[in-house]
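Asker: The structure is given below, and queries will be raised subsequently.
The values are calculated or read from the model by the stated rules, or taken from the named source; none is laboratory data. Nothing here was measured: the structure is a model prediction, and the numbers come from that model. Ideal geometry is used to build each Cβ from the backbone, glycine not excepted, and the neighbour counts take in all protein chains shown.
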Amino acid sequence: MNEKDIVLSVKNLNTSFISDRKEIKIVKNVSLDLKRATTLAIVGESGCGKSVTVHSIVKLMPKNARVKADYILYNQKRGDKITEFDLSKLEPYGKEMRALRGPDIGMVFQDPMSSLNPVYKVGDQVAEGLLEHNPKMSKEEAKEQVLAMFRELGIPDPENRINDFPYQFSGGMKQRVVIALAMICNPEIIIADEPTTALDVTIQAQIMELMKSLQTEKNKSIILITHNMGLVAEMADEVCVMYMGRIVEFGTLEHIFNNPSHPYTKALLRSVPVLGMEEGRLLETIPGITPNPAELKEGCEFADRCPDCRDECRKGTIPAFEVEPGHKVRCLNFNSFKEVD
Amino acid sequence: MLKFIIKKLLQMIPMLLVISLLVFIGLELTGIDPLSYMVSPDMAGSAENLERLREQMGLNDPLFTRYFRWVSEMLRGDFGYSIVSGTPISQIIAVRIPATIELALLALVFSTIIGVGIGIVSAIKQNGIIDYVGRVFAVVGQSIPQFFFGIILIQIFAVSMGWFPVGQRISPGGNWSRIQHLVLPVTTLTLSMCAVLMRYARNTMLDVMNSDYIKTARSKGIPEWKVIIKHGFRNAMRPVLVIICFRLPMLIGGSVVIESVFSWPGIGTIIASSVIAGDMPVIMVTTLMVAASILVASFLVDVFTALLDPRVRLGD
């Protein structure tokens, strides 16, 4: 594989928040690569730093956040021409970064109920980005494109619906509008931050099918954040499992599902509800609670909840080991394998 | 939108009637006898004479007869006469109301511009210099009572420095002197109103700027000033407008204190003096005016909110 087939490459991303004059590390040394036209899923329970990771990448962070990274490289492909941008060097709200948001990186947020501005027509909200990045485009042209996008995303009666306000849409339809908003400038990367968490199950399936078809038809690269293992199995090509701000296991979909190695990944997969479970059998849970990030001690973050915890797990930083090609696990159980960074 | 406005206007009519009835009954319950203020005890009118006077003035009629007489007279534009001075109430109001409205509107406009402006800037540059200064200013502005603040201003700028007149609205000297007269009372009202507005505007703006749709707007790559004005400001303005509109009745009826401090010849001083003198017809009309201004304010809130928020406009 050519290096330029990696559309987004993040190296040693560290994000911390300043709270009460204390610096709390939320994301620690995260490195990941997104291959062109594939889906990378970032999985983990609430508060593990999934959202913070992607928001750090696109630089949509609150003021009390400190983001550091060796590099965040984005390879823009226009026809055959490839341009490289280092997002870590750009001003968060500067001109260059803004030019990338929309035409290159589109975002779909978690809660469609609150991610649309209540006081503007949905059509205008979708067209806003388009008009911003194409100053010469007329309002009529923009409207035509929005209509085409609405049709593509299966929003019924788009001619009338573009003049409706968000409160006149159902949750699933709103999420389609949010996806339209992310897709309208035809971006290379789509970052979907738990796109279906706020929706009910049947709508979830529709939305995910929609995203899958967009990806296969238009060769989009997707970063999918979720805690839903079913969704991961359905969508992902590669999977990052995160726990307390660290990637604890990384591999292809097959690696993670057929050979889960990190105790946390195993536990996570065991706690997925299955249809037809024996009567009286309880769904497995992971013992303990996620620690407070402000009170983390050294060693493995999962140590307190891990069934295989040993003394050396509580010392220093645990390195990652490559248990098979492309499958990395951050756990001392695998210290017989080659150490990688 | 026109239908919405007409509907809201029509809703005000029954409200006004109910309020007028409440005012009427309320004053009835106070048991003030208008005659005791009209007729000096020295004149020692016999009980018989007083009774005849009562009968003549219709004071012995049943409550509701008197109420309907009052309302129908007012509808015909006859507001009655002041017991104390004998002048028509419509005349008193016509003389006084421009002074009050002048003061109220100026204070409202200045405090809105300054208060909302500083509030929005302190929200965007949270914990910046303007935010800190604004915070101190807000505490000071809210904790010093208006009358005290007015007296301090008079002491410094009128008595010691002699830059501005001590009180009153007009002194010979044309338009320039009118402005000079306005400066101190308007400053006093503006500063105390600013303090509240500033904090409120800052907090709602902060809330809005942390909401999800602001993140969505930023993810589109539009410039930050557009995010702030188009997506932030418009949404933050809705609750702030409610506060601003409800300042209007407070300024019209409630600047009693400020009008007294600056001997400002407005409605506020009339309310105060008519209550002291037991001037029933004047109390009734002015109270009704204050109530009506509250209705107008809430009507304005409805219209502005509907303009800003489609959910209100199209909701039903």
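Asker: Is at least one residue of segment B:126-143 within 24 Å of residue B:102 (Cβ to Cβ) and at pLDDT 80 or above?
Answerer: yes
Asker: Another question, if that's okay. What about residue A:169, is it out of contact with any Gly (no Cβ under 8 Å at 6 or more places or on another chain), modelled with pLDDT of 85 or more, away from chain B (no Cβ under 12 Å) and under 18 Å from residue A:117 (Cβ atoms)?
Answerer: yes
Asker: From (1) within 21 Å of residue A:26 (Cα to Cα); (2) at pLDDT below 90, pick out the condition that doesn't hold for residue A:243.
Answerer: (2)
Asker: Only one of (1) within 23 Å of residue A:53 (Cα to Cα); (2) under 26 Å from the mean Cα position of the chain (by Cα); (3) not aromatic (Phe, Trp, Tyr) is not met by residue A:297, so which one is it?
Answerer: (2)
Asker: From the residues in segment A:35-92 that are among the small types (Gly, Ala, Ser) and over 25 Å from residue A:290 (Cα atoms), which one is farthest from the chain's Cα centre (by Cα)?
Answerer: Only one residue fits best here, namely A:79.
Asker: Any residue at all in segment B:194-207 that's more than 31 Å from the chain's Cα centre (by Cα), under 30 Å from residue B:140 (Cβ atoms) and within 14 Å of chain A (Cβ to nearest Cβ)?
Answerer: No: zero hits.
Asker: Restricting attention to segment A:182-192, does a residue exist that is among the β-branched types (Val, Ile, Thr) and more than 14 Å from chain B (Cβ to nearest Cβ)?
Answerer: no
Asker: Could you list, in sequence order, all residues of segment A:111-131 that are within 19 Å of residue A:199 (Cα to Cα) and facing another protein chain (nearest Cβ under 8 Å)?
Answerer: A:111, A:114, A:115, A:116, A:117, A:118
Asker: Filter segment B:296-306 for residues that are among the aliphatic types (A, V, I, L, M) and crowded, with 17+ Cβ neighbours inside 10 Å; which is farthest from the other protein chains (Cβ to nearest Cβ)?
Answerer: Among them, the one singled out is B:297.
Asker: Residues that are within 26 Å of residue A:74 (Cα to Cα), touching a residue at least 40 places away in the same chain (Cβ under 8 Å) and of a type outside the set (Ser, Thr, Tyr), at least 2 per element: which helices (runs of 4 or more DSSP H) completely within segment A:151-254 meet that?
Answerer: Where helices (runs of 4 or more DSSP H) fall fully within segment A:151-254 and carry at least 2 residues being within 26 Å of residue A:74 (Cα to Cα), touching a residue at least 40 places away in the same chain (Cβ under 8 Å) and of a type outside the set (Ser, Thr, Tyr), they are A:171-183, A:201-218, A:229-235.
Let's see how each residue does on (1) buried (at least 21 other Cβ atoms within 10 Å of the Cβ); (2) not basic (Lys, Arg):
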residue: A:66; (1), (2): no, no
residue: A:78; (1), (2): no, no
residue: A:90; (1), (2): no, yes
residue: A:107; (1), (2): yes, yes
residue: A:113; (1), (2): no, yes
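Asker: Another one. Are any residues in segment A:264-290 within 20 Å of residue A:26 (Cα to Cα) and either crowded, with 17+ Cβ neighbours inside 10 Å or out of contact with any Asp or Glu (no Cβ under 7 Å at 6 or more places or on another chain) (or both), and if so, which ones?
Answerer: A:264, A:265, A:289, A:290
Asker: Going by what's in this entry, would residue B:89 be described as among the hydrophobic types (A, V, I, L, M, F, W, C), over 23 Å from residue B:275 (Cβ atoms) and either surrounded by 17 or more Cβ atoms within 10 Å (Cβ to Cβ) or modelled with pLDDT of 85 or more (or both)?
Answerer: So residue B:89 does not fit the description; no.
Asker: Just need a number here: residues in segment A:132-144 that are in a helix (DSSP H, G or I) and within 14 Å of another protein chain (Cβ to nearest Cβ).
Answerer: Counting residues in segment A:132-144 that are in a helix (DSSP H, G or I) and within 14 Å of another protein chain (Cβ to nearest Cβ) gives 3.
Asker: Can you tell me which residue within segment A:226-263, out of those that are buried (at least 19 other Cβ atoms within 10 Å of the Cβ) and hydroxyl-bearing (Ser, Thr, Tyr), is farthest from residue A:300 (Cα to Cα)?
Answerer: Taking the candidates together, the pick is A:226.
Asker: Can you tell me how many residues within segment A:50-64 are within 13 Å of chain B (Cβ to nearest Cβ), crowded, with 19+ Cβ neighbours inside 10 Å and of a type in the set (Lys, Arg)?
Answerer: 1
Asker: Quick check: is even one residue across segment A:291-299 at pLDDT 85 or above, in contact with a Ser or Thr (Cβ under 9 Å, 6 or more places away or on another chain), within 21 Å of residue A:252 (Cβ to Cβ) and not charged (D, E, K, R)?
Answerer: Checked segment A:291-299: no residue is at pLDDT 85 or above, in contact with a Ser or Thr (Cβ under 9 Å, 6 or more places away or on another chain), within 21 Å of residue A:252 (Cβ to Cβ) and not charged (D, E, K, R).
Asker: In contact with a strand residue (DSSP E or B) (Cβ under 7 Å, 6 or more places away or on another chain), assigned to a strand (DSSP E or B) and free of Cβ contacts under 8 Å to residues at least 40 places away in the same chain - does that describe any residue in segment A:321-333?
Answerer: Yes, the conditions are met somewhere in segment A:321-333.
Asker: Can you find a residue in segment A:86-101 that is outside any helix (DSSP H, G or I), within 8 Å of chain B (Cβ to nearest Cβ), within 21 Å of residue A:143 (Cα to Cα) and touching a residue at least 60 places away in the same chain (Cβ under 8 Å)?
Answerer: No: segment A:86-101 contains no residue that is outside any helix (DSSP H, G or I), within 8 Å of chain B (Cβ to nearest Cβ), within 21 Å of residue A:143 (Cα to Cα) and touching a residue at least 60 places away in the same chain (Cβ under 8 Å).
Asker: Which of the helices (runs of 4 or more DSSP H) found entirely inside segment B:208-290 contain at least 1 residues meeting this: within 14 Å of chain A (Cβ to nearest Cβ), under 30 Å from residue A:188 (Cα atoms) and of a type in the set (Asp, Glu)?
Answerer: B:212-219
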